[in-house]
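The values are calculated or read from the model by the stated rules, or taken from the named source; none is laboratory data. Since we're looking at a predicted model, the values are computed, not measured. Cβ coordinates were reconstructed from backbone atoms using ideal geometry, including for glycine residues, and neighbour counts include every protein chain displayed. These accessible areas exclude ligands, DNA and RNA; they are computed on the full protein's heavy atoms, side chains included. Shrake-Rupley method; radii C 1.70, N 1.55, O 1.52, S 1.80 Å.
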Amino acid sequence: MIKRIFVLVVAVAMAISASAQSDAGSLTWQPNVGVTYTTGIVDGLDDPVDGAYGLTFGVEAMYMLKEKLGIALGLNYTGYNVDDDDIAYSGYDRYRYYDYGYGYGGYVNGSIYERALDPDSRKARNNYFYIPATVSYYIFQGFAVKSGIGLNILSTAKMGGRSEDDGVKVKDFYKPVFVSMPVGVSYEIKNLVFDARYTFSLSNVCEYGDGMFASLSLTVGYKF
């Protein structure tokens with residue numbers, strides 16, 4: 001029995017060690033897909049904005065500078081979703097604006113504002129083209145820590161399932177571009193790459209007021 005357990009342990013260890021970490025000077029490509037959980041931090045609110053899940057997918061190219069050091073550039077389509085549009089309203093007092101018959105910053109009229117008070121209508125669903133540039137350092141075979149900088153370009157924005165209401169575009173609430181910083185780890189087994197990253201905004205995501213996104217992404221990719 002002990003011999004069987006020993007053989008099993010050795011076999012598992014050999015399988016784990018057979019990672020796809022690339023040699024220095026090599027260029028690899030990695031399509032990936034996964035989920036992202038996003039929350040928001042808004043100036044004027046004590047608690048973070050209620051978070052929600054979104055889909056992320058894309059491709060990454062990595063060049064190994066040295067045996068343990070690589071640089072990568074990616075292009076992803078990522079959903080930064082939250083379940084409370086305070087990220088768009090940036091913590092302003094809605095009731096004050098509603099009483100005066102104006103909307104947030106003069107851009108949201110009473111009808112949109114009234115519907116925004118409904119929890120189901122306050123769900124923000126925003127999709128971005130996400131371009132991360134990262135540096136990876138392999139602590140041991142197949143396991144890497146990574147960090148870098150990311151450019152996020154707004155593609156679509158919806159609130160309560162609507163991208164526009166009474167002539168007002170939801171995208172008008174958000175900056176067309178914001179900068180973020182990803183920090184994470186990855187583990188490679190043969191050609192599979194499991195990646196976990198925490199990404200937070202370095203610049204304001206809101207067109208009016210101050211708001212930030214913070215997200216956790218879990219993806220699986222195939223390196224070739």
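When ALA20, ALA88, ALA24 are checked against the criterion of being at pLDDT 50 or above, open to solvent by 40 Å² or more (accessible area, probe 1.4 Å) and outside any strand (DSSP E or B), a single residue qualifies: ALA24.
Output the residues belonging to region 177-216 that are open to solvent by 20 Å² or more (accessible area, probe 1.4 Å), assigned to a loop (DSSP other than H, G, I, E, B) and either touching a Phe, Trp or Tyr at 6+ places or on another chain (Cβ under 8 Å) or modelled with pLDDT of 95 or more (or both).
Quick first cut of region 177-216, residues open to solvent by 20 Å² or more (accessible area, probe 1.4 Å) only: 177, 179, 181, 183, 185, 187, 189-192, 194, 196-198, 200, 202-204, 207-210, 212, 216.
Now narrow it down to the ones that are assigned to a loop (DSSP other than H, G, I, E, B): 190-191, 202-204, 207-210.
ASN191, LEU202, SER203, ASN204, GLU207, TYR208, GLY209, listed by residue number.
Only residues that are open to solvent by 20 Å² or more (accessible area, probe 1.4 Å), at pLDDT below 75 and aliphatic (A, V, I, L, M) were counted in region 32-61, giving 1.
The rows are residues; the columns are (1) modelled with pLDDT under 95; (2) within 23 Å of the chain's Cα centre (by Cα).
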{"residue": "TYR130", "(1), (2)": "no, yes"}
{"residue": "THR134", "(1), (2)": "no, yes"}
{"residue": "PHE140", "(1), (2)": "yes, no"}
{"residue": "ALA144", "(1), (2)": "no, yes"}
{"residue": "SER147", "(1), (2)": "no, yes"}
{"residue": "GLY150", "(1), (2)": "no, yes"}
{"residue": "ILE153", "(1), (2)": "no, yes"}
{"residue": "ARG162", "(1), (2)": "yes, yes"}
{"residue": "GLY167", "(1), (2)": "yes, no"}
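Right, ASN76: open to solvent by 10 Å² or more (accessible area, probe 1.4 Å), at pLDDT 90 or above, more than 30 Å from GLY25 (Cβ to Cβ) and outside any loop (DSSP other than H, G, I, E, B) or not? No: the conditions fail for ASN76.
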